[in-house]
Every structure is written in structure tokens, then in C-alpha cells.
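Only one structure is covered here, and it is reproduced in the block below.
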Amino acid sequence: MKTLLLLRHGKSSWTDASLADHDRPLKKRGRVAAKRMGRLIRELDLAPDHILSSSAARATATAQLAATETKCNGEVEVVSVLYHADPSAFVAIVSRVPNRFERVLVVGHNPGMEDWLDRLIGHVEIFPTAALAQIELPVDSWLDLSLNTRGTLKGLWRPKEIP
């Protein structure tokens with residue numbers, strides 16, 4: 001059994017219209033939410049063994065802030081394919097994670113992340129910025145992960161619902 005944590009990037013800033021979408025930073029609200037979700041991960045004793053993040057500035061910042069708050073020892077692995085990935089791209093990347101890692105955190109974007117969550121758990125959940133989902137997967141190896149893998153949603157937290 002493996003544990004997958006999905007974290008959507010925090011709220012991004014649109015103040016600099018000259019920036020490409022990929023380069024948009026987090027706004028203050030996004031930084032606060034990323035830290036809040038990282039603390040929640042730590043409080044729930046869900047610190048990841050491995051972290052994968054989209055290469056977009058807002059995603060890597062979310063991943064770094066959350067990782068710092070979880071006090072996990074691993075570095076954030078930035079994967080460019082996760083920028084606007086669809087479910088098949090998420091599966092392709094996560095299935096390559098070394099098997100020694102039991103709990104993996106993936107930081108990415110909608111609509112792909114929400115689509116993958118829906119596929120994993122079999123029903124639609126609203127997944128706003130900085131939302132966190134915990135899914136238990138019925139696989140003993142990340143290599144066994146496929147588009148048809150169905151997991152169990154163990155928790156879903158949205159920043160506005162966290163005190």
C-alpha cells in the first residue's frame with residue numbers, strides 16, 4: 001500500500017502582466033496557504049518521503065514552502081512534464097518514483113490534477129488552489145500505478161476550511 005498526497009499550487013499573482021503563465025509567482029494568500037497545508041501535513045503525521053513538483057514558479061514555491069513546514073528531509077524534485085499535466089502524465093511520472101518511498105507528495109495544477117483525483121477515487125471533488133488530498137493506493141510498487149488504479153480518499157482539506 002502506497003500513499004499519494006496531491007497538493008494544488010497556491011493562489012498565484014496576476015499583478016505583472018508581462019510574465020508568462022509559467023513564471024507567475026504566488027501571491028501572499030498563496031504563500032500563507034502553502035505554509036498552512038505544510039503544517040497540516042506535519043500535524044497529521046503525513047510528511048512525504050519524496051516530493052514532485054511542476055516546474056511552474058507558483059508550484060515550486062508551494063512545494064518548497066510546504067516541505068519546509070512539514071520538516072521533511074527530502075528535496076523537491078522539479079518535473080517540467082507536470083506543468084499542466086493530464087492524468088496520464090501524472091501516472092507516467094509517479095510510476096517512476098523509486099519504490100523505497102512510501103508516501104509521495106505531488107504539487108501540480110488544475111484541471112489535470114483534479115481530473116486525476118476524480119479518476120483515482122471515482123467521483124468528483126472540488127480541488128481549489130492549495131487543496132490537499134490523501135489517497136491510499138492499493139499498490140505495493142509505484143510501478144504498478146496505472147490510469148485504472150482506484151484508491152481510497154482518506155482526507156481532503158481545502159485551505160479555507162483549515163483554522
(Q) Given the criteria at pLDDT 95 or above and either surrounded by fewer than 16 Cβ atoms within 10 Å (Cβ to Cβ) or not aliphatic (A, V, I, L, M) (or both), does residue 73 qualify? (A) no
Q: State which residue is surrounded by the fewest Cβ atoms within 10 Å (Cβ to Cβ) when the search covers only region 76-101 and only residues that are among the β-branched types (Val, Ile, Thr) and not in a loop (DSSP other than H, G, I, E, B).
A: 81
Q. In the set 139, 104, which member is among the β-branched types (Val, Ile, Thr), modelled with pLDDT of 95 or more and not in a strand (DSSP E or B)?
A. 139
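Every residue, every condition in (1) among the aliphatic types (A, V, I, L, M); (2) farther than 23 Å from residue 36 by Cβ, yes or no:
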{"residue": "91", "(1), (2)": "yes, yes"}
{"residue": "108", "(1), (2)": "no, no"}
{"residue": "111", "(1), (2)": "no, yes"}
{"residue": "123", "(1), (2)": "no, yes"}
{"residue": "126", "(1), (2)": "yes, no"}
{"residue": "141", "(1), (2)": "no, yes"}
{"residue": "148", "(1), (2)": "no, yes"}
Q) Restricting the search to region 14-30, which residues are without any contact (Cβ under 8 Å) to a residue 60 or more places away in the chain, within 12 Å of residue 61 (Cα to Cα) and either in contact with a Lys or Arg (Cβ under 8 Å, 6 or more places away or on another chain) or hydrophobic (A, V, I, L, M, F, W, C) (or both)? A) 24, 25, 26, 27
Q. Checking residue 58 against (1) surrounded by 18 or more Cβ atoms within 10 Å (Cβ to Cβ); (2) out of contact with any Ser or Thr (no Cβ under 6 Å at 6 or more places or on another chain); (3) part of a helix (DSSP H, G or I); (4) not hydrophobic (A, V, I, L, M, F, W, C), which test does it fail?
A. (2)
Q | Among the residues listed as 128, 163, the single one being of a type outside the set (A, V, I, L, M) and either touching a residue at least 40 places away in the same chain (Cβ under 8 Å) or within 21 Å of residue 22 (Cβ to Cβ) (or both) | A | 128
Q: Find the residue count for region 116-163, including only residues that are among the charged types (D, E, K, R) and either surrounded by 21 or more Cβ atoms within 10 Å (Cβ to Cβ) or closer than 25 Å to residue 27 by Cα (or both).
A: 4
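Here's the yes/no breakdown for (1) on the phi < 0 side of the Ramachandran plot; (2) of a type in the set (Ser, Thr, Tyr):
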| site | (1), (2) |
| --- | --- |
| 80 | yes, yes |
| 87 | yes, no |
| 91 | yes, no |
| 94 | yes, no |
| 114 | yes, no |
| 117 | yes, no |
| 122 | no, no |
| 132 | yes, no |
| 136 | yes, no |
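The values are calculated or read from the model by the stated rules, or taken from the named source; none is laboratory data. What you see is a predicted model; the values in this text were computed from it and never measured. Please note: Cβ atoms are built from the backbone with ideal geometry, for glycine as well, and neighbour counts cover all protein chains shown.
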